[in-house]
Amino acid sequence: MIDEIKIFHKDLTVIRSELEAHKPYEACGVLIGTLNGSIAIVEKALPITNSKRTRRSFELDPKEHYDAWNEAEKKGKEIVGVYHTHPVSSAVPSLWDRETMQNDTSVWLIAGADGMRAYVWDSGLKAVKMTEYSGVKTQ
Ligand SMILES: [Zn+2]
């Protein structure tokens, strides 16, 4: 089970600007990187079209999601998590989110009107520690 997520400042900036750009609808995307034990290391936040385009839920466009998965695989990376935005509510999983999370072992990062938080579902909702890399990506 993932209990910590490390993410670059640049990727948090991407997610924040997606939140603004799609207001009042939810925006979504995937977090590509690697797993190191219980730590998910995010190397890229990749925006994906929300094919539902509602204010209350999201659905990753299946084709883009598949392409992202394929692209990650080719580079020896994986999709370690999913992000979505709550432009008008807090960064807490909605009822719909909770139900969906139960079939997904990856990290859920939510960017809400009150900041960002990360969660996993492990026989219940668990908060995941978020650590921000402030330095410049070197690789
Ligand atoms: Zn949500």
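The numbers here are math on the coordinates, done by the rules we state, and not lab data. This is a predicted model, so every value here is computed, not measured. Every residue, glycine among them, receives a Cβ derived from its backbone with ideal geometry; neighbour counts consider all protein chains shown.
Given the structure, is Glu71 away from the ligand (no atom under 15 Å from the Cβ) and either among the aliphatic types (A, V, I, L, M) or out of contact with any strand residue (DSSP E or B) (no Cβ under 6 Å at 6 or more places or on another chain) (or both)?
Details: away from the ligand (no atom under 15 Å from the Cβ): yes; either among the aliphatic types (A, V, I, L, M) or out of contact with any strand residue (DSSP E or B) (no Cβ under 6 Å at 6 or more places or on another chain) (or both): yes.
Answer is yes for this residue.
Which of (1) within 14 Å of the ligand (Cβ to nearest atom); (2) hydrophobic (A, V, I, L, M, F, W, C); (3) in contact with a helix residue (DSSP H, G or I) (Cβ under 7 Å, 6 or more places away or on another chain) is the odd one out, the single condition Val42 does not satisfy?
(1)
How many of the residues making up segment 92-116 are in contact with a strand residue (DSSP E or B) (Cβ under 6 Å, 6 or more places away or on another chain) and more than 9 Å from the ligand (Cβ to nearest atom)?
Total meeting the criteria: 6.
Working only within segment 28-56, note down all residues that are over 22 Å from Lys129 (Cα atoms) and in contact (Cβ under 8 Å) with a residue 40 or more places away in the chain.
Arg56
Collect the residues in segment 57-67 that are touching a residue at least 12 places away in the same chain (Cβ under 8 Å) and away from the ligand (no atom under 13 Å from the Cβ), keeping them in residue-number order.
The answer is Asp61, Glu64, His65.
If a residue has to be touching a helix residue (DSSP H, G or I) at 6+ places or on another chain (Cβ under 7 Å), assigned to a strand (DSSP E or B) and surrounded by 18 or more Cβ atoms within 10 Å (Cβ to Cβ) to count, how many in segment 73-95 make the cut?
In the first step, residues of segment 73-95 are kept if they are touching a helix residue (DSSP H, G or I) at 6+ places or on another chain (Cβ under 7 Å); the result is 78-79, 83, 85, 87, 93.
Now narrow it down to the ones that are assigned to a strand (DSSP E or B): 78-79, 83, 85.
Next, only the ones that are surrounded by 18 or more Cβ atoms within 10 Å (Cβ to Cβ) stay: 79, 83, 85.
Selection size over segment 73-95: 3.
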